[in-house]
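What follows is one structure encoded as structure tokens, with my remarks underneath.
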């Protein structure tokens with residue numbers, strides 16, 4: 001049987017406070033704030049639900065994004081798993097969990113990097129960056145010769161974004177974009 005992390009009492013939210021950020025599910029609370037340049041995490045209870053702990057680690061790692069709107073930083077499932085002392089598959093099962101911040105609801109998955117690299121740099125690429133690049137390439141493709149997932153993978157590699165073809169397929173499908181042969185079939189002649 002597949003176990004998932006314990007459900008929180010209510011929807012997970014990130015709220016701004018005068019001295020930092022609050023991660024809450026309605027009953028349990030974790031405060032994340034910057035003290036002397038370091039991010040400090042304080043839980044109201046020693047026994048907080050695992051999903052709330054995952055959310056707190058995401059907020060801690062992405063503190064500047066939540067507090068000041070800065071771009072997301074590189075973060076992998078393994079990073080969060082090692083911090084919690086669990087296997088990455090535990091975090092993976094929670095990646096569809098919604099997290100609300102400033103009226104915007106995003107899944108945990110939006111904050112993680114995908115396997116791949118940006119040029120010669122070994123850092124992972126943010127999923128949103130790959131999705132935007134795929135959508136941009138498809139929007140600019142020739143109607144007579146739509147780009148296959150393999151061709152999209154090669155185009156991305158030329159731009160310095162190295163990901164697997166299956167990753168391109170996953171993000172194309174998630175964006176509701178048809179496969180190349182279907183895009184060619186539905187375009188007017």
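The values are calculated or read from the model by the stated rules, or taken from the named source; none is laboratory data. Predicted, not measured: the structure shown is a model, and the values here were computed from it. So basically every Cβ, Gly included, is an ideal-geometry build from the backbone, and we count neighbours across all protein chains shown.
Residue 86 meets each of the listed conditions (1) in a loop (DSSP other than H, G, I, E, B); (2) under 13 Å from the mean Cα position of the chain (by Cα); (3) at pLDDT 85 or above apart from (2). Where residues in region 24-66 are modelled with pLDDT under 75, touching a strand residue (DSSP E or B) at 6+ places or on another chain (Cβ under 9 Å) and not in a strand (DSSP E or B), which of them is nearest to residue 110 (Cα to Cα)? In this case the residue turns out to be 25.
Given the criterion at pLDDT 80 or above, assigned to a strand (DSSP E or B) and in contact with a helix residue (DSSP H, G or I) (Cβ under 7 Å, 6 or more places away or on another chain), identify the matching residue among 21, 99.
Every option except 99 fails the conditions.
With respect to residue 178, is the statement that it is surrounded by 16 or more Cβ atoms within 10 Å (Cβ to Cβ) and without any contact (Cβ under 8 Å) to a residue 60 or more places away in the chain true? Considered against the rule, which asks whether it is surrounded by 16 or more Cβ atoms within 10 Å (Cβ to Cβ) and without any contact (Cβ under 8 Å) to a residue 60 or more places away in the chain, residue 178 comes out as no.
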